[in-house]
Amino acid sequence: MSRASDTAYDKIRGHLLSGEVSPGEQLTEERLAEITGVSRTPVRDAVRRLESEMLLVRNESKRIFVADWSRDDIDEMFTLRQMLEGHAAERAAQRITQEQIDHLEEVNRELHEAVELAEPDVASFLNANRIFHEIITDAAQSPRLKQVLAMLVETPVVLRTARNYSINDLQQSARDHDELISAFRAADASWARAVMGSHLRRAFHTFADATEAAE
């Protein structure tokens, strides 16, 4: 991939995840070229990558649309995350360094601060949450696992719905992270896997409740 293709990919992906576009909204190569500031050739490369990540889809006439995930799609996505991130947590517990544990604690402090405000800072929560899970995936030392999870963790519909989470939901997520850190400190792989599994299953039900509240 060229630098222009990478630039197009990063900017289009950021645009999709920002919530500025709606599920099912049509996009054109011309519009995406305007957004990214590159020509249509690297835009096409970027669109193919985003199709493989299920962020964009094409219809039979090859028109480009923002992916619209059904509840069943989201349930499957969380189930896959539960399996894969549970495995990642198990591997990480056996391989994580003290430096990575310290980084997890630092990031989770930021997450706690974001959700304990009178008006929770959801953007900061989402950023800290993403970094927290990335540290665990890195600690698992599995490039294949990291590549697959990258397609599941940040979907526009999940990021949009997070803005409807209750304060209790956000604070529970922070407490789950506290327990994960304890499991890593104890180097207990089974504990880490169990906590990650319950954390993500709870996240699915939180998501489902927030989706219903938003409708």
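Listed values, structure above:
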read-out	value
Gyration tensor verdict on region 73-197 (Cα atoms; rounded if a/c is under 1.5, prolate if a/b is larger than b/c, oblate otherwise)	oblate
Estimated FRET transfer efficiency (residue 44, residue 70; beta-carbon r; R0 22 Å; 0.05)	0.20
Contour minus Cα-Cα distance for residue 6 and residue 106 (0.36 nm per residue)	33.0 nm
Heavy-atom accessible surface of the chain: percent carbon and sulfur, 1.4 Å	47
Distant-in-sequence amide H partners of residue 56 (H built 1.01 Å from N, under 5 Å)	51, 67
Rounded accessible area per residue of region 1-89, 1.4 Å, Å²	54
Between helix 40-52 and the chain: long-axis angle, C-alpha atoms, 0 to 90°, nearest 10	40
Estimated distance in nm for a label pair at residue 52 and residue 122, the labels positioned 7 Å out from Cα along Cα-to-Cβ	3.2
Spin-label pair residue 28/residue 201, simplified geometry with 7 Å Cα→Cβ offset, distance in nm	4.9
Selection of trypsin sites (Lys or Arg not before Pro), region 163-206, meeting DSSP coil and at most 10 other Cβ within 10 Å	none
For region 1-160, the spread of Cα positions along each principal axis, largest first, Å	50, 39, 35
Förster-model FRET efficiency, 35 Å R0, residue 144 and residue 35, C-beta, rounded to 0.05	0.65
Most mobile of 172, 98, 82 in a GNM of the chain (Cα contacts under 10 Å)	98
Segment residue 164-residue 208, extension gain: residue separation times 0.36 nm, minus the distance between their alpha carbons	14.8 nm
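The values are calculated or read from the model by the stated rules, or taken from the named source; none is laboratory data. Model, not experiment: these values are computed from the prediction. We place every Cβ from the backbone using ideal geometry, glycine too, and count neighbours over all the protein chains shown. Quick note on the areas: whole protein, heavy atoms, side chains included, nothing else; ligands and nucleic acids left out. Shrake-Rupley method; radii C 1.70, N 1.55, O 1.52, S 1.80 Å.
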